[in-house]
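Trainee: To start, I am sharing the structure in question, which I have written as structure tokens.
The values are calculated or read from the model by the stated rules, or taken from the named source; none is laboratory data. What you are looking at is a predicted structure, and each value in this text was computed from that prediction instead of being measured. For neighbour counting, all protein chains shown are included, and Cβ atoms are generated from backbone atoms with ideal geometry for every residue, glycine included.
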Amino acid sequence: MVSLAQANLPRSNSAGHAGLRVSLVAGESAVTECWAASPLKLLAPRSRGPSVWAYVSSFGGGLVAGDETKLTLDVEAGTTCFLSTQASTKVYRNPRLLPCQHKLRAEVGKGALLVLAPDPVQCFAQAIYEQKQEFHLADDAGLVLVDWLCSGRAARGERWEFTRYQSRNEVFQAGKRVMLDALRLAGEEGTEDLLRQMGRFHCLATVAVVGPKLQGFAQKLLAEVAEEPVTKRNDFVISASPVADGVLLRLAGISTEQVGREIARRLEFVSPLLQDDPWARKW
């Protein structure tokens, strides 16, 4: 694994590019590099302490046709970083069929922990969104990843009316790929076809817990899900699959709040690691 720590983060003046570096300073995690180009912006309200907390936002409040964002993270050895968003990532309607794209590359050093838990992606009618995220972990680093989306503006009766959504997450540990998860949603016969396929569900989520330092928590999650009964026509469903030194959870529910609360419950072990609860005032 080639660490970004060998040089400054590769800066770019291109619109929508940003970078964040977290280093160990006097025994604490600290933001040592942070930059962003409009419309993307990075906020770091907790820039030093037992864990660094940062949030991704945008000046326009969301993504419009053709927007591309790119985020580079370097979580150096021995540090802890929590990264989220200020609100849901809104992807606006796209009559010209130009996809909005987001790319993320993260390096997580020896003994470090990255918790990436954004709010869900919210695709409006006719939106196209493509996301690709890569995580390169040292052999004893840890990753908690939350990747989720809701059906759209359900309060306005807009459910699963976007044109296409696709997300791809790859996790590499000590140079070896240990997880690849991809999701693609597109109505082959229009939005009514996608609505029929999704049925009563309004929110989908993927949660990954990977790394030797998190293996005990991952095993506990696997055991808990395996013991839960499967109920026909349930309003919430969850599955768990083992990955190398970790677990991959998939969740589906009838509301964003319901899935959000379940994510927070399943990841309650994260709060002691961050020395604060990132979901205390959310769900």
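Trainee: Working carefully through the options A223, A264, find the one that is surrounded by 14 or more Cβ atoms within 10 Å (Cβ to Cβ) and modelled with pLDDT of 95 or more.
Mentor: Working: A223 fails: surrounded by 14 or more Cβ atoms within 10 Å (Cβ to Cβ).
None of the other options fit; the residue is A264.
Trainee: May I pose another question? Determine if the range 230-243 includes at least one residue that is farther than 29 Å from W160 by Cβ and hydrophobic (A, V, I, L, M, F, W, C). Let's see the steps before the verdict.
Mentor: The first filter runs over the range 230-243 and keeps only residues farther than 29 Å from W160 by Cβ, leaving 242.
Those still in the list that are hydrophobic (A, V, I, L, M, F, W, C) too: none.
Checking the range 230-243: not a single residue is farther than 29 Å from W160 by Cβ and hydrophobic (A, V, I, L, M, F, W, C).
Trainee: May I ask you to list the residues in the range 158-184 that are at pLDDT 95 or above and of a type in the set (A, V, I, L, M)?
Mentor: Result: V171, V178, M179, L180, A182, L183.
Trainee: A follow-up question, please. Can you tell which of G109, G78 is within 26 Å of D276 (Cα to Cα) and buried (at least 22 other Cβ atoms within 10 Å of the Cβ)? Give the derivation first.
Mentor: On the way: G78 fails: buried (at least 22 other Cβ atoms within 10 Å of the Cβ).
Result: G109 is the single residue among G109, G78 that is within 26 Å of D276 (Cα to Cα) and buried (at least 22 other Cβ atoms within 10 Å of the Cβ).
Trainee: Can D235 be described as touching a residue at least 12 places away in the same chain (Cβ under 8 Å), of a type in the set (D, E) and under 26 Å from D139 (Cα atoms)?
Mentor: Values: touching a residue at least 12 places away in the same chain (Cβ under 8 Å): yes; of a type in the set (D, E): yes; under 26 Å from D139 (Cα atoms): no.
The answer is no for D235.
Trainee: Please find, within the range 14-33, the residue that is surrounded by the fewest Cβ atoms within 10 Å (Cβ to Cβ) out of those that are in contact with a Lys or Arg (Cβ under 9 Å, 6 or more places away or on another chain) and of a type in the set (S, T, N, Q).
Mentor: This residue is S14.
Trainee: Which of (1) of a type in the set (A, V, I, L, M); (2) surrounded by 12 or more Cβ atoms within 10 Å (Cβ to Cβ); (3) out of contact with any Cys (no Cβ under 9 Å at 6 or more places or on another chain) does L204 not meet, given it meets every other one?
Mentor: That leaves (3) as the condition not met.
Trainee: Find the strands (runs of 3 or more DSSP E) located wholly in the range 16-93 whose residues include 2 or more that are in contact (Cβ under 8 Å) with a residue 24 or more places away in the chain and either within 19 Å of the chain's Cα centre (by Cα) or under 30 Å from R159 (Cα atoms) (or both), and list them.
Mentor: On the way: elements: 17-25, 28-36, 40-46, 52-58, 68-75, 80-85, 89-91.
Result: 17-25, 40-46, 52-58, 68-75, 80-85, 89-91.
Trainee: Checking the conditions here, which among Q126, Q101, Q131, Q122 is farther than 18 Å from K176 by Cα and not in a strand (DSSP E or B)? Spell out the reasoning first.
Mentor: Details: Q101 fails: not in a strand (DSSP E or B); Q131 fails: not in a strand (DSSP E or B); Q122 fails: not in a strand (DSSP E or B).
That would be Q126, the only listed residue that is farther than 18 Å from K176 by Cα and not in a strand (DSSP E or B).
Trainee: I need every pair where a residue in the range 210-222 that is basic (K, R) has its Cβ under 6 Å from the Cβ of a residue that is buried (at least 16 other Cβ atoms within 10 Å of the Cβ), sequence separation at least 6 or different chains.
Mentor: Listed pairs, sorted by first residue: K213/G142.
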